[in-house]
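Engineer: Once you've had a glance at the structure underneath, I'll fire off some questions.
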Amino acid sequence: MNEALAAIRTRAARETIAGARALIFDVDGTLAETEEVHRRAFNAAFAEAGLDWFWDQVTYARLLRVAGGKERIRAFDQRNPVPSLSFAEIAGLHRIKTARYAALIAAGGCPLRPGVRALVGNARRRGQRLAIATTTSHGNIDALLSVALGLGWADLFETIVAGDDVPRKKPAPDVYVEVLARLTLAPADCIAVEDSGNGLAAAARAGIPAIITRSAYFGDDDFTGALLVVDDLSEIDE
Ligand code: XBP
Ligand code: MG
């Protein structure tokens with residue numbers, strides 16, 4: 001594709017985004033580069049539990065293909081022929097991790113990625129409805145956005161659907177289908193804002209056009225079918 005055609009496509013995508021009835025945001029990797037904080041929280045929980053596990057960035061990048069922290073722990077434990085943790089123990093370990101994540105965010109915060117604040121503000125000014133569709137937990141969303149957007153952050157989003165609110169996590173479409181039901185909007189009236197191949201697949205299975213903001217852990221994913229792929233959201237709203 002030559003530059004002129006690329007510019008035409010980008011302009012058309014920007015107009016589609018500005019004209020959508022609702023923008024549905026993913027959280028981790030999209031609103032903020034949180035996965036390094038999640039990785040530190042997992043490792044802190046393993047240490048606290050006396051497990052000799054440590055997830056380096058290469059290991060975590062591979063495990064991130066499994067959506068959901070509990071599912072990720074289980075996938076790692078099942079690398080052994082005889083897994084060592086029960087479901088209850090995994091849930092307890094994940095609770096420790098979630099507490100560590102909140103503490104790390106509170107201590108150092110995790111800034112919004114470039115362009116996020118502007119896009120949210122411009123969308124609100126255009127009268128667009130905003131929602132969140134994420135695999136992580138409500139507690140993690142609140143920990144992140146109460147620092148990044150202030151204590152009233154939830155007032156910006158009409159509805160928030162988190163991983164444990166639905167039967168299946170991304171790449172299943174469940175969180176997006178639930179958001180559409182709560183907004184009573186058709187998929188084509190919305191735009192999903194995502195960072196990963198799993199997120200794009202989840203939005204696509206719900207029939208929702210998606211834009212991708214490349215993130216640190218998923219930058220090399222296959223984003224075929226995305227309406228637009230950008231390095232960050234500052235390319236969307238000038
Ligand atoms: C990303 C995820 C989450 C986080 C960890 O969610 O897959 O599992 O990595 O959070 P999304 P939890 O990109 O959909 O926002 O440990 O709470 O799952
Ligand atoms: Mg994400």
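Engineer: How about K70: which aspartates and glutamates have a C-alpha closer than 13 Å to its C-alpha, ignoring those fewer than 8 places off in the same chain?
Structural biologist: Partners found: E89, D164.
Engineer: Continuing with this model, one more query. Picking from V147, V161, V175, which is most flexible by a Gaussian network model of the chain using Cα springs under 10 Å?
Structural biologist: V147
Engineer: What's the center-to-center distance, using Cα atoms, between the range 101-149 and the range 160-182 in Å?
Structural biologist: Between the Cα centre of the range 101-149 and that of the range 160-182, the gap is 18 Å.
Engineer: Test of understanding: in a Gaussian network model of the chain with alpha carbons linked when under 10 Å, which of T159, T98, T184 would top the mean-square fluctuation ranking?
Structural biologist: Evaluated over the chain, the most mobile residue of the options is T184.
Engineer: Follow-up question, since we're still on this one. Please report the equivalent ellipsoid semi-axes of the chain, computed as sqrt(5 x eigenvalue) of the Cα gyration tensor, largest first, in whole Å.
Structural biologist: Semi-axes from the Cα gyration tensor: 31, 19, 17 Å.
Engineer: Under a GNM of the chain (C-alpha, springs under 10 Å), which listed residue has the highest mean-square fluctuation: G108, G68, G127?
Structural biologist: G108
Engineer: How big is the range 16-75 along each principal axis, measuring the range of its Cα positions in Å and listing the largest first?
Structural biologist: So the extents along the principal axes, rounded to whole Å, are 52, 19, 19.
Engineer: I've got another one for you. Can you compute the charge dipole magnitude of the chain about its Cα centre, using +1 on each Lys and Arg Cβ and -1 on each Asp and Glu Cβ, nothing else charged? Give it in debye, rounded to the nearest 20.
Structural biologist: 340 debye
Engineer: Another question, if that's okay. Evaluate the charge dipole of the range 116-174 about its Cα centre and quote only its size in Debye, nearest 20, assuming +1 on the Cβ of each Lys and Arg and -1 on the Cβ of each Asp and Glu.
Structural biologist: Taking the Cα centre of the range 116-174 as origin, the dipole is about 360 debye.
Engineer: Helix-only mean residue ellipticity at 222 nm, the chain, DSSP H runs n ≥ 4 weighted -39,500 (n - 2.57), per residue, nearest 500. What is it?
Structural biologist: -14500 deg cm²/dmol
Readers should treat all values here as calculations from the given coordinates under stated rules, not as data from a laboratory. Quick caveat: nothing in here was measured; it's all calculated off a predicted structure. For neighbour counting, all protein chains shown are included, and Cβ atoms are generated from backbone atoms with ideal geometry for every residue, glycine included.
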